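The values are calculated or read from the model by the stated rules, or taken from the named source; none is laboratory data. The model shown is predicted, which means the values in this text are computed figures rather than measured ones. Every residue, glycine among them, receives a Cβ derived from its backbone with ideal geometry; neighbour counts consider all protein chains shown. Note: areas computed on protein heavy atoms with side chains; ligands, DNA, RNA excluded. Shrake-Rupley method; radii C 1.70, N 1.55, O 1.52, S 1.80 Å.
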Amino acid sequence: MGFFSLNKKNFSLNKSRKKYVTLTIESNEDEVKQNTEQQIDHKPTGLWVKCPKCQEILYKVDIENNLKKCSHCDYYFEMTARERIALLIDEGTFVEEDAELESVNPLNFPGYTEKNKKSRNECDMREGVISGTGNLKGIRVSIAAMDFKFMGGSMGSVVGEKITRALERGLEERIPVIVVATSGGARMHEGILSLMQMAKTSAAAEKLRQAGVPFIAVPVNPTTGGVTASFAMLGDIIVSEPKATIGFAGKRVIEQTIKQKLPEEFQTSEFLQKSGMVDVITKREDMKDTLYTILSNLV
């Protein structure tokens, strides 16, 4: 009888505990649901980004405070043209030139006007490059910086014109020229007018070379197409960042054409340095010091 009573007592205790646990879980579910709804109502958006390399979820402010680099794996996020200017030019010395230039739609390409207007609003720029003059650690330079967010950094008539003027400004004032390039290539919406910018910028770079005025090209990730095939690889010194993609045609297109497998590091800044096409690879935080060291030995 005592044995039976003990089992009954245990059974009653377990049953009571089960009810208690069930009630507690139901209460927690309601509470969690309520808290989740409150969090959704007040959850800020656009503050986080996933690193493409290590897949870590990063706070955007932390990335911006770290020169647009992942704090976990050192992956280099894209910098805007204004951020490039701020990185390289002494504070308060930059004077923008040719800011009033903007593209039209010379071929009446469908949707081009709307896409251009959208990029202007999103990037707060009239075109995909900012150019002007300023001091780099006291050395006066003519500088142009492209912005990949503006229609993929594509080079249309105005982008080519502004870069050409930046090169010519260096020639006129006898000051070094720095061009930070990042682009998907020529802007298809302007057809042959876009392709003509390759010849125009290359001719301006050649005039600098003949006059002995230093021209430093800084192709960063990514720099491809007609931009790579023109001014981006015509600098007296070519400086880039680690793991930057630099090339003309895409890797897959080349492999399909030559029917061969290309090296894993093909079209990276490290591969191009080994091949003699890139002179210096420097970390983003050291870019200004590196450019100053080069310029101080050239001017």
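Each residue of region 277-284 is assigned a 3J(HN,Hα), and the resulting list reads 8, 10, 8, 9, 10, 9, 5, 4 Hz, derived from the Karplus form 6.51 cos²θ - 1.76 cosθ + 1.60 (θ = phi - 60°), x at Gly and Pro. Amide H to amide H, with H built 1.01 Å from N, residue 183 comes under 5 Å of 223, 224, counting only residues 5 or more places away or on other chains.
For residue 118, the aspartates and glutamates whose Cα comes closer than 12 Å to its Cα, not counting residues fewer than 8 places off in the same chain, are 127.
Here region 55-93 and region 151-209 have alpha carbon centers that stand 25 Å from each other.
Solvent-accessible surface of protein heavy atoms, probed at 1.4 angstrom with all chains present, puts 192, 237, 130 in the order 192, 237, 130, largest first.
Phi angles of region 54-60 translate, via the Karplus equation with coefficients 6.51, -1.76, 1.60 and θ = phi - 60°, into HN-Hα couplings of 9, 6, 6, 8, 10, 7, 4 Hz per residue; Gly and Pro are given as x.
Protein heavy-atom accessible surface, 1.4 Å probe, per residue over region 209-299: 51 Å². Any idea how far the Cα center of region 211-260 sits from the one of region 261-299, in Å? If we compute the Cα centre of each part, the gap is 11 Å. For region 246-294, the list of GluC sites (Glu not before Pro) that fall in a loop by DSSP and count at most 16 other C-beta atoms within 10 angstrom reads 264, 265. Under 5 Å between amide hydrogens, built in the peptide plane, is the criterion, and for residue 97 it picks out 131, 132, 133 among residues at least 5 positions away or on other chains. Loop-located trypsin sites (Lys or Arg not before Pro) in region 161-242 (DSSP state other than H, G, I, E, B) with a sparse environment of at most 15 neighbouring Cβ atoms within 10 Å: 174. Near residue 268, the amide H atoms lying under 5 Å from its own belong to 246; only residues 5 or more places off or on other chains count, and H is placed 1.01 Å from N.
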